[in-house]
Amino acid sequence: MRILILGAGKMGSFFTDLLSFEHEVAVYDQEPQRMRFTYNCARFSSLEEVKQFEPQLLINAVTMKYTIEAFRAVMPFLPQQCIVSDIASVKTGLREFYKGCNHPFVSSHPMFGPTFANLNQLSNENAIIIAEGDYMGRIFFRDLYNKLGLNIHEYTFEEHDRTVAYSLSIPFVSTFVFAAVMKPQDAPGTTFKRHLNIARGVLGEDDFLLREILFNPYTAEQVGHIRDELNALLDIINDKDAEAMKQYLTKIRTNIHGQKTS
């Protein structure tokens with residue numbers, strides 16, 4: 001296939017490396033210097049080059065803040081039959097955009113990123129493919145993610161947003177609370193240092209991404225659960241209730257034991 005990748009950031013470069021030996025790949029980025037380390041692909045500095053390339057598949061890998069803007073900029077230069085796709089972790093506005101774009105589309109969410117994941121070993125990572133997309137586009141990404149060893153799940157846009165509200169907002173908000181109350185430590189313990197490294201990674205993400213994850217319409221409910229659990233734990237601590245603490249630890253250990261890691 002002729003595949004055009006928008007954006008030469010970390011994920012755009014990852015997909016370029018992944019696809020360029022089996023497909024004819026081109027990369028476009030508004031900042032040409034970001035493409036200087038891309039390999040085995042065409043590098044476009046103008047959208048007119050996209051028109052001449054005639055891609056069969058477009059993968060939009062620009063930062064989430066500009067995903068729809070990038071789609072709109074490139075649309076006039078795409079063949080009518082070109083499948084358009086995104087890999088955004090938050091799908092806000094994308095379902096509505098796809099309805100009016102007059103192109104077949106596929107939307108997926110590789111639920112790993114360059115901050116924490118080992119991109120060379122992804123067998124414990126997950127990917128979501130949106131069920132409402134084009135059949136052939138879904139097959140393409142399913143085959144691609146299978147080759148990476150990812151665990152693949154197919155959800156609707158709504159199911160995806162509910163999943164993200166749970167799987168991203170809970171650890172993000174927990175990290176925010178940790179960062180908000182922490183003080184510099186001269187001799188931090190191992191657990192503190194691990195939490196600190198996670199906090200640095202999460203807070204190194206783009207502000208727009210963090211905001212959109214927290215503004216997901218299903219996030220408030222999840223944050224409410226955190227508030228309720230903190231209140232319950234605070235009551236146990238204030239009462240110094242050893243039996244209640246034992247029951248609470250049993251409950252959360254059961255939750256952890258039942259949680260899949262892949």
Determine which single condition residue 149 fails, assuming it passes every other condition in (1) on the phi > 0 side of the Ramachandran plot; (2) without any contact (Cβ under 8 Å) to a residue 24 or more places away in the chain. (2)
Working only within segment 61-84, note down all residues that are in contact with a helix residue (DSSP H, G or I) (Cβ under 6 Å, 6 or more places away or on another chain) and either assigned to a loop (DSSP other than H, G, I, E, B) or not β-branched (Val, Ile, Thr) (or both). 61, 62, 64, 65, 77
Suppose we keep only residues that are in contact (Cβ under 8 Å) with a residue 24 or more places away in the chain and charged (D, E, K, R) within segment 207-262. Which one would you say is nearest to residue 65 (Cα to Cα)? 212
Mind listing just one residue for me: the one in segment 172-224 that is farther than 17 Å from residue 91 by Cβ, touching a Ser or Thr at 6+ places or on another chain (Cβ under 7 Å) and among the hydrophobic types (A, V, I, L, M, F, W, C) and, of those, most open to solvent (accessible area, probe 1.4 Å)? 198
From the set of residues in segment 225-249 that are among the hydrophobic types (A, V, I, L, M, F, W, C) and open to solvent by less than 70 Å² (accessible area, probe 1.4 Å), which is nearest to residue 169 (Cα to Cα)? 226
Checklist (1) assigned to a loop (DSSP other than H, G, I, E, B); (2) open to solvent by 70 Å² or more (accessible area, probe 1.4 Å) applied to residue 8, failing item: (2)
Only one of (1) of a type outside the set (Gly, Ala, Ser); (2) at pLDDT below 95; (3) farther than 26 Å from residue 172 by Cβ does not apply to residue 119, and that is (3)
Checked 196, 210 against criteria (over 14 Å from the mean Cα position of the chain (by Cα), among the hydrophobic types (A, V, I, L, M, F, W, C) and part of a helix (DSSP H, G or I)); the one match is 196
Selection over segment 27-75 where residues are closer than 26 Å to residue 205 by Cα, of a type in the set (S, T, N, Q) and surrounded by fewer than 22 Cβ atoms within 10 Å (Cβ to Cβ) yields a count of 4
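Test of understanding: among 72, 162, 95, 138, which residue is without any contact (Cβ under 8 Å) to a residue 24 or more places away in the chain and not aromatic (Phe, Trp, Tyr)? Explain how you work it out, then say what you get.
Details: 162 fails: without any contact (Cβ under 8 Å) to a residue 24 or more places away in the chain; 95 fails: without any contact (Cβ under 8 Å) to a residue 24 or more places away in the chain; 138 fails: without any contact (Cβ under 8 Å) to a residue 24 or more places away in the chain.
After ruling out the rest, the residue left standing is 72.
Listed residues 46, 13, 89; which is at pLDDT below 95 and within 22 Å of residue 132 (Cβ to Cβ)?
Values: 46 fails: within 22 Å of residue 132 (Cβ to Cβ); 13 fails: within 22 Å of residue 132 (Cβ to Cβ).
None of the others qualify; the one that does is 89.
Could you say which residue among 112, 105 is open to solvent by 10 Å² or more (accessible area, probe 1.4 Å), modelled with pLDDT of 95 or more and within 23 Å of residue 150 (Cβ to Cβ)? Quick ask: steps written out before the conclusion?
On the way: 112 fails: modelled with pLDDT of 95 or more.
Being open to solvent by 10 Å² or more (accessible area, probe 1.4 Å), modelled with pLDDT of 95 or more and within 23 Å of residue 150 (Cβ to Cβ) holds for just one of 112, 105, which is 105.
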Whether any residue in segment 44-52 is farther than 30 Å from residue 162 by Cβ and in a loop (DSSP other than H, G, I, E, B) is what I want to check. yes
Can you tell me how many residues within segment 173-193 are out of contact with any helix residue (DSSP H, G or I) (no Cβ under 6 Å at 6 or more places or on another chain) and either in a helix (DSSP H, G or I) or within 16 Å of residue 212 (Cα to Cα) (or both)? 9
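Which residues, counting only those in segment 150-166, are hydroxyl-bearing (Ser, Thr, Tyr), in contact with a helix residue (DSSP H, G or I) (Cβ under 7 Å, 6 or more places away or on another chain) and closer than 14 Å to residue 110 by Cα? Show your work before the answer.
Of segment 150-166, the ones hydroxyl-bearing (Ser, Thr, Tyr) are 155-156, 163, 166.
If we keep only those that are in contact with a helix residue (DSSP H, G or I) (Cβ under 7 Å, 6 or more places away or on another chain) too, we end up with 155, 166.
Matches in segment 150-166: 155 only.
The values are calculated or read from the model by the stated rules, or taken from the named source; none is laboratory data. Fair warning: this is a prediction, and the values are worked out from it, not measured in the lab. All Cβ positions, glycine included, derive from the backbone under ideal geometry; neighbour counts span all protein chains shown. Surface areas here come from the heavy atoms of the whole protein model, side chains and all, with no ligands, DNA or RNA. Shrake-Rupley method; radii C 1.70, N 1.55, O 1.52, S 1.80 Å.
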